[in-house]
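A quick write-up on the structure given underneath.
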Amino acid sequence: MPQIPLFPLHLTLFPGVALPLRIFEQRYLRLVSETLKSDRGFGVVPIRSGGEVGRADVWPYGLYVRIVDWSQGEEGLLHIQVAGQQRFRIRSTDWAEDGLLLGSVEWLPQAESKPVPEECDGLLSVLDELKQHAAMLPLRFGPVDSADALSWQLAQLLPLEDRVRVELLATDDPLARLADIAANLDRWAKE
């Protein structure tokens with residue numbers, strides 16, 4: 001099983017979504033430097049408990065990301081933009097001397113691309129509305145050209161509980177993810 005560096009966040013990131021990050025901790029500056037030099041990525045994992053600074057307990061699923069842009073900011077801050085690529089499950093974790101979290105991971109399968117089903121037109125409308133309200137968010141989204149893209153973008157923007165987000169990240173079938181999202185929307189409409 002490969003071991004990769006992990007970056008815990010109070011956010012679940014999904015494939016096909018790009019996210020800007022500000023890097024200031026020494027362990028993450030080292031992570032970014034090594035990642036850029038080796039042309040590799042790292043894992044973004046949602047925090048179950050704890051904070052982004054210091055040590056945190058993380059959920060067992062995450063997303064392998066690559067740095068797609070970077071710049072030096074004020075006061076020594078490093079600004080990077082990462083794009084989500086491959087989902088993984090954490091099998092075990094360890095801590096480097098500088099406090100960087102490392103994970104032995106199992107790569108999750110990438111689903112075969114499926115078109116957006118006609119019965120998901122309502123979900124496409126929901127996504128369009130969410131994107132208008134989320135215009136201030138720093139997230140970047142690709143086109144919705146598959147059921148995968150629709151499910152990931154909805155999962156990123158809907159106000160879901162952390163547990164639900166992680167379950168969606170762990171689900172291989174995009175049609176099952178869309179069904180779960182639609183069921184949650186129906187439940188919210190009744191509340």
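The values are calculated or read from the model by the stated rules, or taken from the named source; none is laboratory data. Just so it is clear, the structure is predicted and the values come from calculations on it, not from any experiment. Virtual Cβ from ideal backbone geometry, glycine too; neighbours counted across all protein chains shown. Each accessible area value is taken on the protein alone, full model and side chains, heavy atoms only, with ligands, DNA and RNA left out. Shrake-Rupley method; radii C 1.70, N 1.55, O 1.52, S 1.80 Å.
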Sequence gap at least 6, Cα distance under 8 Å: using those rules, report the relative contact order of the chain to the nearest whole percent.
24
Residue-normalised value, i.e. accessible area per residue, for the chain at 1.4 Å probe, in Å², stands at 54
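Subtract the Cα-Cα distance of Asp57 and Asp172 from 0.36 nm times their separation in residues, and report this length gain in nm to one decimal. Before the final figure, lay out each step's value.
Numbers: separation 115, 0.36 × 115 = 41.40 nm, distance 2.40 nm.
Extra length available between Asp57 and Asp172 comes to 39.0 nm.
Counting pairs of alpha carbon atoms under 8 Å apart in space and at least six apart in sequence, what relative contact order in percent does the stretch 1-100 give?
Rounded, it is 34 percent for the stretch 1-100.
Can you say what percent of the DSSP beta bridges in the chain, counting only those with both residues inside, are antiparallel? Round to 5. If you can, show how the numbers build up before the last one.
Details: 36 of 40 bridges.
Expressed as a percentage, antiparallel bridges in the chain total about 90.
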Answer with one residue from Leu21, Ala56, Leu123: the one whose Cα lies farthest towards the positive end of the charge dipole of the chain, charges on Cβ with Lys, Arg +1 and Asp, Glu -1.
Ala56
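Let me know the shape class of the stretch 25-116, please: from the alpha-carbon gyration tensor, a ≥ b ≥ c as square roots of the eigenvalues, rounded when a/c is under 1.5, otherwise prolate if a/b is greater than b/c, or oblate. Mind showing how you got there, number by number?
Working: a/c = 1.92, a/b = 1.25, b/c = 1.54.
Because a/c hits 1.5 or more and a/b fails to exceed b/c, the stretch 25-116 counts as oblate.
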Packing-based order for 46-54, 151-159, 27-35, 61-69, using average beta carbon neighbours within 10 Å, highest first:
151-159, 61-69, 27-35, 46-54
Any chance you could check the Cα centroid distance between the stretch 153-170 and the stretch 11-44 for me, in angstrom?
21
In the stretch 1-72 the DSSP beta bridges are antiparallel at a rate, in percent to nearest 5, of 60
Degrees separating the helix 147-157 axis from the principal Cα axis of the chain, which is the longest one:
70
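How high is the relative contact order of the stretch 134-186? Use alpha-carbon pairs under 8 Å, at least six apart in sequence, and give a whole percent. Write down the numbers at each step before the final one.
On the way: 21 pairs, mean separation 19.9, N = 53.
Taking the mean separation of contacting Cα pairs over the length of the stretch 134-186, I get 38 percent.
For the chain, give the magnitude of the charge dipole about the Cα centre (Cβ charges: +1 Lys/Arg, -1 Asp/Glu; no others), in debye to the nearest 20. Walk me through the intermediate numbers first.
Numbers: 19 positive and 28 negative charges, 89 e Å.
The dipole of the chain has a size of about 420 debye.
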Three-way shape call for the stretch 62-166 based on the alpha-carbon gyration tensor, with the a/c threshold at 1.5:
oblate
Would you mind checking which residues have amide H under 5 Å from Leu9's amide H? H placed 1.01 Å from N; only 5 or more apart, or other chain.
Val45, Ile47
